[in-house]
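Engineer: Have a look at this one.
Nothing in this text is a laboratory measurement; each read-out follows from the coordinates by a stated rule. All values derive from a computational prediction rather than experimental measurement. Quick reminder, even Gly has a Cβ in these numbers, built from the backbone with ideal geometry, and neighbours come from all protein chains shown.
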Amino acid sequence: MRSFRSLSARLTVQFALLFAAAMLMVSATLSTFIAGTASREVEGQLQSSGAVYDRLWQQRAHELQNAAQLLARDFGFRAAVATGDHATIQSALTNAAARLRVGSAFIVTADGQVTAIDPSVSAKEMQQLWEPLDEGRLTGVSVLAGRPRQLVAAPIMAPTLIGWVVFAGDLDEREMRGLERLSAIPLHAAVLAQSGGRWSEAAGSMSPLSDQSDALAERHMRSGAAFEMKVAGEKSIALAKSLPTFSQGERAILLLAYPRSEALADARKLQLGLALMTLLGLVLMSYATWRAAGRITQPLARLDDAAGRLAAGEQVQVRVRGRDELARLANSFNEMVGKIVEREKRITQLAFNDVLTGLPNRTMFHQHVEQLFQACDGSGGLFALHCLDLDQFKAINDTLGHPAGDALLVETARRLRQAAPGHFVGRLGGDEFVVLQSVGEDRDAVDRLARDILGAIAQPFSIDGNELVPSTSLGIAIAPDDGADGETILRNADLALYRAKEAGRGTYAFFEESLNERAQERRKLESDLRLALERGEFELYYQPLFDLDQNRICSFEALIRWNHPERGLVSPLDFVPIAEDTGLIVPIGAWVIREACAQAASWPEDVRIAVNVSPVQFRRGALNETIVQSLAASGLKPHRFEVEITESIFLEGSDTTLKLLHGLRSLGVRIALDDFGTGYSSLSYLQSFPFDKLKIDRSFIHNLLTRDGASAIVRAITELAHALNIETTAEGVEETAQLMELRAHGCSSVQGFLFSEPMTVTDVHRLFNDGGAIQKVA
Amino acid sequence: MVRGLIAFAAGIALSAPLAAAPLTVRVMDASGKPVRDAVVSLYPSSGARAPRGGGHYVVSQQNIQFHPFLSIVPVGADVSFPNLDNTKHHVYSFSAAKRFELKLFAKDQSRTVHFDKPGVVALGCNIHDQMSAFIVADSAWTGRTNGQGIATFGDAPNATARVSVWHPYLRAPSGTVEQRIAAGQRATSFSIRLRPPPPAMSMDY
């Protein structure tokens, strides 16, 4: 079987074929039955027509015989015959023939003489009848003058047999047509007679007959059944009946024929009707099958279509009708689609969203930025990229643990979404967040949003009972002015973020082109810095601290200098932040400690060395080990080694910091709090840790003589320190008046250009060797 | 003229040699049964004798029948036809030997017909078709077969002869068959075909 592209076509064709076969079989059977019935009916009609003809034949024979007997019995006629009175005989015969409407009448005498009225019949033919007459034959068909005739005879007794009177009724066309008219059906009748081996016929409407039909009729005569034959070129159903013949050697057949087309006309109508019904049934069945197949296959086709569209990425649902298997299939399909869509969403979410906060991730950010670029390409619209990270996030993560850090990130994400509703908020990784803001005419909106974000982030947040106040810095770049693609704009926003951090945390900054240049410079510096330690480009300078009570140099603060081969001397302000950011501060810091210890070991016993320690070193520098090793290597007494820290180390968790500080303290090392008075200047630190020294920030000293409050603050600090038994050092003393004021406030020691700039190690040695040079100044 | 003929015949008969033994003629039908009332006539080539002459015969009509059915009379015989029935009879003959009609309309009425020619005369009644009788007038040796179908001629001349058999129902033209017998042959037989006798009522009205 050929293959179909459509299931419904296949079902339709298969069922239609099946049904057609069944219907055709039924139709064929019925048709055959109809034809058979019609044939039998025709045969029956032919038979009954034959019977009617028999009856007619007998009646006619009877009529003629009666007449013949009447004539034969007439005394005068007998006398005429007996005496051979031909004239009388002929007139009597003529009279009787006319009355009986027979064509021929004649006398055959017992001794074979003939008297006839019809000259067409030869005497010989009539004389030949003597034998059958003599045998007692009185009726039958015989051929006379080439025509079959119905012969009826009556003996003439006078009183013995003297002859026979014979009437020969014509079996001509008129007779046959009369017979045809008598029949209930429009049949054709003919009488065939054979005499002396030759057939002659008398037919009504049937002529001409052929030789074959004679033979055929004779063949079927004995069976008495109907048969088929051609009559006048037309197929007919025929019946042959034997007719009694007059002579022994003759044969006579009554042939009744019924043209097949007429006979089966009704049957043909029925068959035609049946064929039409079959055809109609077939058409109806095909239609019904097609419809039914459609009902089955339509949902399948819909599913097929839906599956195709699903494959193309469309979210589709098929209509469910009914509760059958197809409906269940459709339901399952719909459910499957739902799950696929859900999974796709999940995959998309995983691909484009940050799992922790649910915010869009870097990939999605880039896509979004690209879209914004395309959108603002023609319209000339702007958008601002706010880039932010959490200040001190790493410290929080390290000290409070990752769960706490994650909680902070989640909270930050929530706050950002709240603060920047309607804007794209994403997390690029770590504590790095971005907000994309479409900017219209109102450029101030950018500032407003930045402030809103900063304000929102800076709300207190409690993690595991620890309350902390997150802070963030914001860098802003405005596209397309500050960058024509996503990478650039993000980098520039990042630069702005650095600037904001430099400007003091908790602020925001816009990108400027200079930032970019600085960034490039910084990158250069960074790569140089990595080589600087190996190349020995660092050098320690020492700035003396002058003890006001003892009027002598009591300590040196080690200050690092970078002798850059191209730039010359690079300020620590320029490279220390880079070293801190890159982690290079750890080896550099360790070198500083070793170098300082080594130098200080050769100094007088009452002179200490102070080294600044970065929070980065504190956090991950194995600071204790470094110090222990350096002290051991140099032989410097621990109490001569002073670590200067800033308050910022407390930002990364006071408990950890305190542990570290106590650890250092246990070595015997002194600890000073640098830049006191700026930043948080939380008094709680002073309470929680027994610092050896507070270094009053140079800004207070600078303003000491010019601003009213400064003097009071310095005094308050010194008094507080005294009360806590902590030494104080004033930084940045440049004028004698400041010195005087500080001395009045009871400050322990001073440091600044008034006494000495930072000096090389050679100068320090020279100073010790010369002795008392600075004392003079004080 | 008839008389002359008879006289001539008588003369021939007288001159014929006398027969030594009787001539026996047997008549049977197709199935071999003896046929009675067949009229056998002998015509010897020589030795003819004078026929019998005259005589009176009666064929009566009684119970709507002729009696006797078959009469053999010599030429010149007179046959009377008495009507013994209460009905009328119309006796006729169309036979060439003797044609006549007798309307015997009263009981005991009788007519006489003179049979002057040899031959078979078939009698009928125009009123009663079933009535039939035959009178055979012959002057030569003529006899009828008995119940055994045998006719015997004691004085037949011992010469070649023509033997004819006639029977009213014999199926042959003129109802006669003939044989020739050789001189000295004293017996012969005929096998004849007979028609069934006409039914009593031949008309089935």
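Engineer: Extension gain B:Q179-B:L194, at 0.36 nm per residue separation less the Cα-Cα distance, in nm?
Structural biologist: 3.7 nm
Engineer: Going by amide H atoms built from the backbone, whose H comes under 5 Å of the H on B:S189, apart from near neighbours?
Structural biologist: Placed amide hydrogens put B:R26 under 5 Å from B:S189.
Engineer: Using only Cα atoms, find the angle between the long axis of helix A:708-724 and the longest principal axis of chain A, and express it within 0 to 90 degrees, rounded to the nearest 10.
Structural biologist: So the helix axis and the longest Cα principal axis differ by about 80 degrees.
Engineer: Can you sort B:V25, A:V410, A:V616 so the residue with the fewest Cβ neighbours within 10 Å comes first?
Structural biologist: Ascending number of Cβ neighbours within 10 Å: A:V410, A:V616, B:V25.
Engineer: Still on this structure, please answer the following. If you take the beta carbon distance between A:D85 and B:K117 as r and set R0 to 22 Å, what does 1/(1 + (r/R0)^6) give as a FRET efficiency, to the nearest 0.05?
Structural biologist: With R0 = 22 Å, the Cβ-Cβ based efficiency is 0.60.
Engineer: Using the count of nearby Cβ atoms within 10 Å as a rough guide to exposure, how do A:I107, A:I253 rank from fewest to most?
Structural biologist: Ordered by Cβ neighbours within 10 Å, fewest first: A:I253, A:I107.
Engineer: Return the whole-Å distance between the Cα centroid of segment A:421-446 and the Cα centroid of segment A:484-530.
Structural biologist: For segment A:421-446 versus segment A:484-530, the Cα centre distance is 18 Å.
Engineer: Work out, step by step, the length gained on full extension between A:S261 and A:D581: first 0.36 nm times the residue separation, then minus their alpha carbon distance; give nm to one decimal.
Structural biologist: 103.5 nm
Engineer: Can you pull the mean other chain C-beta count within 10 Å for peptide A:151-159?
Structural biologist: Whole-number average of other-chain Cβ neighbours for A:151-159 is 4.
Engineer: Starting from 0.36 nm per residue, how many nanometres of slack lie between A:R323 and A:A123 once their C-alpha separation is accounted for?
Structural biologist: Computed gain between A:R323 and A:A123 is 61.7 nm.
Engineer: Separate question: Going 7 Å from the Cα of A:D74 in the Cα-to-Cβ direction, what parts of segment A:103-124 have a backbone nitrogen less than 20 Å from that spot?
Structural biologist: Counting only backbone N, you get A:103-110, A:114-119.
Engineer: Quick one: what do you get for segment A:15-265 if you divide its Cα Rg by 2.2 N^0.38 Å?
Structural biologist: With N residues counted in segment A:15-265, Rg over 2.2 N^0.38 Å equals 1.26.
Engineer: Taking other Cβ within 10 Å of each residue's Cβ, how do A:R291, A:R522 sort, fewest first?
Structural biologist: Listing A:R291, A:R522 from fewest to most nearby Cβ atoms yields A:R291, A:R522.
Engineer: Taking 24 Å as the cut-off for C-alpha to C-alpha distance, list the pairs among A:K637/A:K695; A:K394/A:K637; A:K235/A:K269 that go past it.
Structural biologist: With Cα atoms farther than 24 Å apart: A:K394/A:K637.
Engineer: Further question: What number, in percent, do you get for the relative contact order of segment A:65-152 if the mean sequence gap of Cα pairs under 8 Å and at least 6 apart is divided by its residue count?
Structural biologist: So the answer I get is 18 percent.
Engineer: Which whole number gives the average, over all residues in B:93-100, of C-beta atoms from other chains lying within 10 Å of the residue C-beta?
Structural biologist: Taking the mean over all residues of the peptide, I get 3.
Engineer: Output the 0 to 90 degree angle, nearest 10, between the alpha-carbon long axis of helix A:486-502 and the longest principal axis computed from the alpha carbons of chain A.
Structural biologist: Approximately 30 degrees, to the nearest ten.
Engineer: Sticking with the crude label model, points 7 Å out along Cα→Cβ, report the distance from A:A145 to A:H722 in nm, one decimal please.
Structural biologist: Roughly 19.0 nm, to one decimal.
Engineer: Quick check: Cα centre of segment A:384-416 to Cα centre of segment A:1-68, how many Å?
Structural biologist: Taking the Cα centre of each part, segment A:384-416 and segment A:1-68 sit 102 Å apart.
Engineer: Could you derive backbone 3J(HN,Hα) for segment A:300-309 from the dihedral phi with the Karplus parameters 6.51, -1.76 and 1.60 (θ = phi - 60°), listing whole Hz in sequence and x where the residue is Gly or Pro?
Structural biologist: So the Karplus estimates, Gly and Pro as x, are 5, 4, 4, 4, 4, 4, 5, 4, x, 5 Hz.
Engineer: Over chain A, calculate the relative contact order: mean separation of alpha carbon pairs under 8 Å at least 6 apart, over the residue count, as a percent.
Structural biologist: Across chain A, relative contact order equals 7 percent.
Engineer: Report, as an integer, the average count of C-beta atoms from other chains found within 10 Å of each Cβ along A:273-282.
Structural biologist: Counting Cβ atoms of other protein chains within 10 Å of each residue's Cβ and averaging gives 0.
Engineer: Mind pulling the angle between the C-alpha long axis of helix A:761-770 and the longest principal axis of chain A? Nearest 10 degrees, somewhere in 0 to 90.
Structural biologist: Long axis of A:761-770 versus the principal axis of chain A: about 10 degrees.
Engineer: Can you give me the distance in nm between label points at A:D398 and A:F768, each placed 7 Å from the Cα along the Cα-to-Cβ direction?
Structural biologist: Inter-label distance under the simple model: 3.5 nm.
Engineer: Distance between Cα centroids, segment A:555-598 to segment A:667-740: provide it in whole Å.
Structural biologist: Here the two parts' Cα centres lie 25 Å apart.
Engineer: Right, something else. Output the relative contact order of segment A:353-511, whole-number percent, from Cα pairs under 8 angstrom with separation of 6+ residues.
Structural biologist: Result for segment A:353-511 is 27 percent.
Engineer: Give me the distance in nm between label points sitting 7 Å out from Cα along the Cα-to-Cβ direction at A:K230 and A:A311, one decimal.
Structural biologist: The two pseudo-label positions are separated by 6.7 nm.
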